Amino acid sequence: METFTGIAAHDLRGPLLQMQDLSRFLIEDLSETPPDMAEARRLADGISRAAARLDRVVTGTLDYVRAGREEGSALTDLGGIIRDIAAACLPSGARLTVEGELPAVPARPVEMDIVLRNLIDNAVKHHPHRTPTISVTYRPGAGGRAHVVEVADDGPGIPPERRDTLFRPGGTVAGEERGMGLAMVRRLVDGWGGTVDVADAPGGGALFRVAWPG
C-alpha cells in the first residue's frame, strides 16, 4: 500500500505543479499592458493539457483501486471492445489488425476493456514513433477449457531483465515512467484465475499473452 500511495502521489504532483506554474505565468502576462494574448493562449493551452493529464492519472488510479471489485460475470464481445479501443486510443499512423475471430468470451466487460486498453496503449506509448502495428489474436486454451488473447506489437520489445518487475505498481516498459497500467492488468487477470506474461513477438517487439479459465 505504501508503494501504491507513493506512486499515486508522484503521478498526481507533476501535473498539479505544472498547472500552478502555468497559472502564475498566465496571470503575469495578463497583467501587462497590453497583455500578450498569443502567449496567454499558449499558457492556457498548457494548463488544459496538464488538467487532461491529471484526469488520466486520477482515472487510472481509481481503476487500479477498483480492479477486481466488479460483481458477477458476463459474456464480453472481444471484437466490440477492440473496435472501441482502436477508435479511441490509436493515433494517426498506428495500425491494429485482428488475427482470426474475436468471439464473445466469459469475462466482465469493464475489466476486459481495462486489460486490453492498457496493453494496446502500452504498445503505442513505447513505440519509437508512436505509430505501432499491433495485432490481437484469440485462441482457445488447452482442451478448450481456457481462453487466450495475445497482443503483439512491432516496437522495441522488453528486455528479459525488466520482465520480472514489469507488472508491479510503478513498473514500466522503458524503465523511465511510473504508472499503474500493467499492474492493473495483472491484478484483474489474477482475479479471473488467469495469467499474464510477456515474450518476444515473432517479428520483433513485445507479445503480451493473457490466459484465463472458461
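Quick notes on this one:
- Net length gained if the chain between Glu32 and Val148 were fully extended (0.36 nm per residue, minus Cα distance): 35.7 nm
- A cut-off under 10 angstrom between Cβ atoms defines the neighbours of Glu150, and their net charge, with Lys, Arg +1 and Asp, Glu -1, is +1.
- Footprinting exposure proxy for Phe25, Phe167, Phe208 (fewest neighbouring C-beta atoms within 10 Å first): Phe25, Phe167, Phe208
- Nonlocal amide H pairs with Gly194, under 5 Å, H built at 1.01 Å: none
- Here the extension length gained between Asp55 and Arg163 equals 36.0 nm, from 0.36 nm per residue of separation less the Cα-Cα distance.
- In nm, spacing of pseudo-spin labels at Leu62 and Glu101 (7 Å Cα→C-beta vector): 3.7
- FRET efficiency estimate (nearest 0.05) - Cβ-Cβ, His129 to Arg42, R0 22 angstrom: 0.30
- Residue order, fewest to most surrounding Cβ atoms within 10 angstrom, among Leu54, Leu182: Leu54, Leu182
- Pairwise label distance in nanometres, Asp21 with Ala199, each label 7 Å out on the Cα-Cβ vector: 4.4
Only the coordinates and a few stated rules stand behind these numbers; no lab work does. Since the model is a prediction, treat every value here as computed from it, not as a measurement. Backbone-built Cβ (ideal geometry, glycine too); neighbour counts: all protein chains shown.
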